[in-house]
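Here is the structure we will look at.
The values are calculated or read from the model by the stated rules, or taken from the named source; none is laboratory data. Remember, predicted model here, so these are calculated numbers, not experimental data. No Cβ is skipped: glycine too gets one built from the backbone with ideal geometry, and neighbour counts run over all protein chains shown. The protein model used for the area step is the full one, side chains on, heavy atoms only, and it has no ligands, DNA or RNA in it. Shrake-Rupley method; radii C 1.70, N 1.55, O 1.52, S 1.80 Å.
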Number of protein chains: 2
Amino acid sequence: MSTQGPNEENPLHIPQGFRFASTTAGIKASGRADLALVEAPLGASAAAVFTKNRVVAAPVTVGRANLRRTKGRVRAVLVNAGNANCATGAQGLEASKTSCKALGGALEVAPEFVIPSSTGIIGVPFPTEKLVTALPALVAARASGETAVREFAKAIMTTDTQQKTASAEFAVGKKTVAVMGVAKGSGMIHPNLATMLVYVFTDIDASPVELQGALKQAVDQSFNCISVDGDTSTNDTVLLLASGASGVKHGQRGAEKAFAAALQEVCASLAEQIVRDGEGAQHLVRLHIEQAKNVTEARTIARSIANSPLVKTAWAGADPNWGRILSSVGKSGVAVDPAKINVHIGEQQVCKGGMAYPFDEQSAHAYLKQREYDIRVELGRGKTKLTFLTCDLTTEYVHINADYST
Amino acid sequence: MSTQGPNEENPLHIPQGFRFASTTAGIKASGRADLALVEAPLGASAAAVFTKNRVVAAPVTVGRANLRRTKGRVRAVLVNAGNANCATGAQGLEASKTSCKALGGALEVAPEFVIPSSTGIIGVPFPTEKLVTALPALVAARASGETAVREFAKAIMTTDTQQKTASAEFAVGKKTVAVMGVAKGSGMIHPNLATMLVYVFTDIDASPVELQGALKQAVDQSFNCISVDGDTSTNDTVLLLASGASGVKHGQRGAEKAFAAALQEVCASLAEQIVRDGEGAQHLVRLHIEQAKNVTEARTIARSIANSPLVKTAWAGADPNWGRILSSVGKSGVAVDPAKINVHIGEQQVCKGGMAYPFDEQSAHAYLKQREYDIRVELGRGKTKLTFLTCDLTTEYVHINADYST
């Protein structure tokens, strides 16, 4: 199996059975491409994970309902950037439904086979007409090559500084299955809300139920193991579509495991790209939580560390401040025994049994000046390990999010 | 009843039955006063609330045990700044016990009648000898006037820019009861850990059980309703001592209610002073959560808003960004109905039923530029109100906490 990130020169592994398009509808103030489409001409099975925020954007409500109605079959996904269509009430719901109907009409399919997605500013009425007007150009632009995929990835960006794609492939017998993901997200988004949108495409032949199981597991180990600023958007979506065009069935010998691994690789790569592109982030921190009793408590502790402003600002200053890490473990709510906790910065142990452990501060400081590094916390409670990705909190983050825009 | 903050010209209401002292033991690197004592020559009843962090400093462990052993009787409190005596293992516990024994010896009382308190750097062995050496000078300095109280307040400061005191008094019949509090805290403390320490003194005659009930209620409505950066220190302590010297019994007609009100006033004033002195804070935000089902959910939602980096940075920019507030309510875990949520910035409504409500952005921006202001969130779920105090997240906060110190 091979996985590729966005900046590698190797081409993407593009699954069969999908066409991609993008255009400029005038929704982004910048005048950049802001409307994107992926179509499965023969349809696709789908699975999705949506935000847990109680305040959800209209397209999340409509998308959820559409998936229920079609029992997990999807013909197209329509994504716009520049307006989140959130806190827009009845007008917003109508806008999302109208968008699905308009694209469904153009593709000659019922509107519920279209999944809408939006990212951008919150609380501003959705410019339905701009979107509908741009649809013919969008539909005409459908193509299956790598250029179309990369243009799709660009059109869904907001404050992202990098387009985010990853892909993997594996063979089952003489057939090849591709898994490719496209994502956007870089912390919550200026000037109002934020969003992580992730679309993963594959040509394996799988049912929505099979996909949901695989997606849940992959998301748990990737997007649920990252944090830029601890905020959860109203639009967060991870959508997995399977065209079946490879001819490899999910239930077939050797397919399920290889697919799970490929999906996991692609999601992990996209999750890492999102943290790397975190607003104002100068450091990518790989937080290894070890000797936990289970994944839940490991994740709780990782989040308590990763979302502590004191820990994050210490990282911004390359300060080997293990006391703040220890205190964040203590305030997590997990019944840890401080006397069993060890902390390591890279190869150096800095805290042993909850106490200071002699270390070379200068070399720890130099280590923490690197673009990315590892911090390891041992809890002495069990055998579970978890790796969590996060970043530092810099003055640049404050600038990005504090600068008044209107 | 009258309450006074630190900057008022009126004198403090100082309860009878206490003596205060401070000196320089050389624990703070700055060379400022760093050791403080309060003594109740005839003893005092006590109640305390300690940090919920699982990682606790040695003085918290020793103080808790001492209170248990004496069934809530205290003769003296010994506070040092400059070293938190946390993550110091057996040496730290020994240091705390030795300090209590030494002071107990000087005051001719068993060591368990002394409550130790520490604030400052974490993970550095405690300089017991410096403290013990300074004790004779400290004990000799005991005095009951306002100057001694203010010197006590200064000696316990770390990154605080202001000393923090508040007092109130009330009459029962012809007798007067005074309640006076001294606090330190301004967010978590550079270069390592942090701490909120609060000492409240009164001359009412009350049992430890009566005091504990009153203290719990006052803390819930004051220190549990503030947040600078969402972090919980390993040393946080609120201690209430009652000398009984006023001759007014807590059970006496009219005393209990008046005492609860005075205690609440003093705690609220100190809590506000702590937020006002928040590291790098430019704005004091009074967050009014209304129409909640109960206090627990109101506090959960207030904390979700107050600890959101996106909300806090918007406040730093005086940005009337109600979308981030709405999203923070949504991610709090409380089962809110977005369609019932209203948000008001000062007198202006900015969000109605979860949607944008037309408002004058320029005047909202100007309103948010004030040193302090009100934001009101209505949940449409019940009748409970809660006021929560917090502050913005500025580049200055990042500087204070990121600058590498060693």
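For the protein assembly as shown, a Kirkwood hydrodynamic radius built from all Cα pairs, placed in the Stokes-Einstein relation at 37 °C and 0.692 mPa s, yields a translational diffusion coefficient of 116 µm²/s. For segment B:284-402, the per residue solvent-accessible surface stands at 36 Å², with DNA, RNA and ligands left out and a 1.4 Å probe. Counting only alpha carbon atoms, the long axis of helix A:89-107 and the longest principal axis of chain A meet at about 60°. Of the residues A:Val350, A:Leu310, A:Leu326, the one whose Cα sits farthest towards the positive end of the charge dipole of segment A:284-402 is A:Leu326 (charges of +1 on Lys and Arg Cβ, -1 on Asp and Glu Cβ, taken about the Cα centre). Measuring from the axis that maps chain A onto chain B, the chain A residue with the nearest beta carbon and its rounded distance in angstrom come out as A:Thr395, 2. Take the accessible area of chain A alone and of chain B alone, subtract that of the pair, and you get about 4500 Å² summed over both chains, using a 1.4 Å probe.
Report the percentage of all Cα-Cα pairs in segment B:2-274 whose separation exceeds 26 Å, rounded to a whole percent. Taking all Cα-Cα pairs of segment B:2-274, the fraction more than 26 Å apart is 34 percent.
About the Cα centre of segment B:2-274, what is the dipole size in debye to 20, counting +1 per Lys and Arg Cβ and -1 per Asp and Glu Cβ, all else neutral? The calculated dipole for segment B:2-274 is roughly 680 debye. When the GluC sites (Glu not before Pro) in segment B:96-189 are filtered for DSSP coil states and for at most 10 other beta-carbon atoms within 10 Å of their beta-carbon, the remaining sites are B:Glu108. Specify the angular offset, from 0 to 90 degrees and rounded to the nearest 10, of the alpha carbon long axis of helix A:146-155 from the longest principal axis of the alpha carbons in chain A. Tilt relative to chain A: about 70 degrees.
Residues of segment B:298-337 buried by at least 40 Å² of accessible area upon assembly of all protein chains, compared with the chain on its own (1.4 Å probe): B:Pro309, B:Leu310, B:Thr313, B:Asp319, B:Arg324, B:Ser327, B:Gly330, B:Lys331. Scattering from segment B:276-324 was approximated by placing one identical point on each alpha carbon and applying the Debye formula without solvent; log10 I(q)/I(0) at 0.29 1/Å stands at -1.18. Remark: spin-label model distance A:Leu42-B:Lys71 equals 8.4 nm, labels positioned 7 Å along the Cα→Cβ axis.
Relative contact order of segment A:269-353: 19 percent, from C-alpha pairs under 8 Å at least 6 residues apart in sequence. The convex hull of the Cα atoms of segment B:284-402, projected and averaged over all directions, covers 6.9 nm². For segment B:2-274, the carbon plus sulfur part of the accessible surface works out to 52%, probe radius 1.4 Å. Comparing each chain alone with all protein chains together (probe 1.4 Å, DNA, RNA and ligands left out), the residues of segment A:96-140 losing at least 10 Å² of accessible area are A:Ile122, A:Gly123. Of the trypsin sites (Lys or Arg not before Pro) found in segment A:290-386, those in coil by DSSP whose Cβ has at most 10 other Cβ atoms within 10 Å are A:Arg371, A:Lys383.
Taking every protein chain into account, the 1.4 Å probe leaves B:Asp319 with about 20 Å² of accessible area, to the nearest ten.
For segment A:39-136, DSSP calls about 25 percent of its internal beta bridges antiparallel.
Bridge orientation summary for chain B: considering DSSP beta bridges with both residues in this region, about 70 percent are antiparallel. For segment B:75-135, the solvent-accessible area with a 1.4 angstrom probe is 34 square angstrom per residue. The separation of segment A:88-130 from segment A:41-59, counted between C-alpha centres, amounts to 13 Å. Surface composition of segment B:284-402: carbon and sulfur make up 49 percent of the accessible area, probe 1.4 Å.
Between identical copies, the spacing of B:Ala366 label points, each set 7 Å from Cα toward the C-beta atom, reads 5.6 nm from nearest to farthest. For chain B, the longest principal axis of the C-alpha atoms and the axis of helix B:128-140 are separated by about 80°. Loop-located trypsin sites (Lys or Arg not before Pro) in segment B:6-115 (DSSP state other than H, G, I, E, B) with a sparse environment of at most 11 neighbouring Cβ atoms within 10 Å: B:Lys52, B:Lys71.
Taken about its Cα centre, the protein assembly as shown carries a charge dipole of about 2180 debye when Lys and Arg each add +1 at the Cβ and Asp and Glu each add -1 at the Cβ. Taking 25 Å as the limit for the C-alpha separation, the pairs A:Lys331/B:Lys385; A:Lys352/A:Lys385; A:Lys52/A:Lys340 exceed it in the case of A:Lys331/B:Lys385; A:Lys52/A:Lys340.
Note: relative contact order over segment A:2-276, using C-alpha pairs below 8 Å and six or more positions apart, is 26 percent. Beta-bridge orientation, the protein assembly as shown: approximately 70 percent antiparallel, per DSSP, counting only bridges with both partners inside.
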